[in-house]
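This report refers to the structure that appears directly beneath it.
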Amino acid sequence: QVQLVESGGGLVQAGGSLRLSCAASGSIVSINTMGWYRQAPGKQRELVATISRGGSTNYADSAKGRFTISRDNAKNTVYLQMNSLKPEDTAVYYCNANLSSRWSPWFWGQGTQVTVSS
């Protein structure tokens with residue numbers, strides 16, 4: 001009932017920037033935590049960053065200092081500003097969210113490709 005749609009991925013040279021967006025729609029009352037994860041070929045999906053409804057953030061070591069997660073609660077949208085991109089950032093980036101309910105599952109988007117060339 002909740003759909004997450006990512007956008008903003010693309011091809012960028014090392015050192016460049018991209019801003020990813022993920023908009024949630026559907027049967028939403030209130031979104032709790034939103035986040036970004038990524039999965040490179042042959043690797044497991046890993047955390048990039050999360051943000052609570054109140055704005056508390058958590059970053060993977062690889063992202064901290066370069067990436068910034070933010071959200072617009074009114075729009076049910078989470079963003080990931082990625083600066084100083086490196087080739088190792090190349091992956092499919094997925095957004096994730098759960099609702100403000102003790103029984104809420106985690107919803108996933110379809111992903112958006114980010115490719116960083118060297």
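The values are calculated or read from the model by the stated rules, or taken from the named source; none is laboratory data. Everything numeric here is computed off the predicted structure, so don't read it as measured data. Virtual Cβ from ideal backbone geometry, glycine too; neighbours counted across all protein chains shown. Just so you know, the surface numbers come from the protein's heavy atoms only, side chains and all, with ligands and any DNA or RNA stripped out. Shrake-Rupley method; radii C 1.70, N 1.55, O 1.52, S 1.80 Å.
See the values below:
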read-out: Spin-label model distance (nm) - residue 53 vs residue 3, 7 Å beyond Cα toward Cβ; value: 2.4
read-out: Cβ-placed point charges (K, R +1; D, E -1), dipole of the chain about Cα centre in debye, nearest 20; value: 160
read-out: Cα convex hull volume per residue for region 5-72 (Å³); value: 118
read-out: Trypsin sites (Lys or Arg not before Pro) within region 44-100: DSSP coil, no more than 16 neighbouring Cβ in 10 Å; value: 45, 53, 64, 66
read-out: Gaussian network model of the chain, Cα within-10 Å springs - most flexible of 42, 15, 65; value: 42
read-out: Accessible area expressed per residue, the chain, with surrounding protein chains retained (probe 1.4 Å, Å²); value: 53
read-out: Pair residue 86, residue 70: separation of 7 Å Cα→Cβ label points (nm); value: 2.4
read-out: Heavy-atom accessible surface of the chain: percent carbon and sulfur, 1.4 Å; value: 46
read-out: Top of 13, 44, 81 by mean-square fluctuation, Gaussian network on the chain, Cα under 10 Å; value: 44
read-out: Proximal lysines to residue 43, defined as alpha-carbon separation beneath 18 angstrom and excluding residues fewer than eight positions away on the same chain; value: 86
read-out: Full-extension gain in nm, residue 27 to residue 101, via 0.36 nm per residue minus C-alpha separation; value: 25.4 nm
read-out: Accessible surface of residue 34 - all protein chains present, 1.4 Å probe, nearest 10 Å²; value: 0
